[in-house]
């Protein structure tokens, strides 16, 4: 069965009306002629179609371990869900608790766990990413003060497609959810 171009356009308009509500363009009706109104509706329908292909990222369960009194570094972990149809990437992070904030991961080399900075953390469509001990995490270098159990602080995450999201990081006990295997070596810091 062949679908005619105007039928596809009509289907896009119906989809947009469903997403945005039947009164989505009511305020524009009185200022537009029939042709301009039809073009506006077509533009809005295209935006609705494009929106179905974008990443839709949410962050939950953000936490950090309490740090020792003399520690100069700490890390945050979290769940990042991407319910959209497009992959996204966490490309940077920012917080006021340290001099620098970097994205990191671990690898096992010669029986030693090695931590290093990465340019981004993939957030695949339909799943997401789990930032956890022994894997991807947000690293705080040059802590201004120890991270104390019970403390919370804001962390701004910058995603390539979704943009910036600020989450609250809750500091847990020093051994919280520790699943490290082997010894950890943090090169370059």
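Rule-based calculations on the coordinates, nothing more; no lab input. Only a predicted model underlies this, so the values are computations on that prediction, with no experimental measurement involved. Reconstructed Cβ throughout: ideal geometry from the backbone, glycine too, with neighbour counts over all protein chains shown.
Things worth noting here:
- Listed from fewest to most Cβ neighbours within 10 Å, the set 81, 88, 99 follows the order 99, 81, 88.
- Relative exposure of 89, 161, 100, judged by other C-beta atoms within 10 Å (fewest first): 100, 161, 89
- Per-residue Cβ neighbour rank within 10 angstrom, fewest leading, 144, 137: 144, 137
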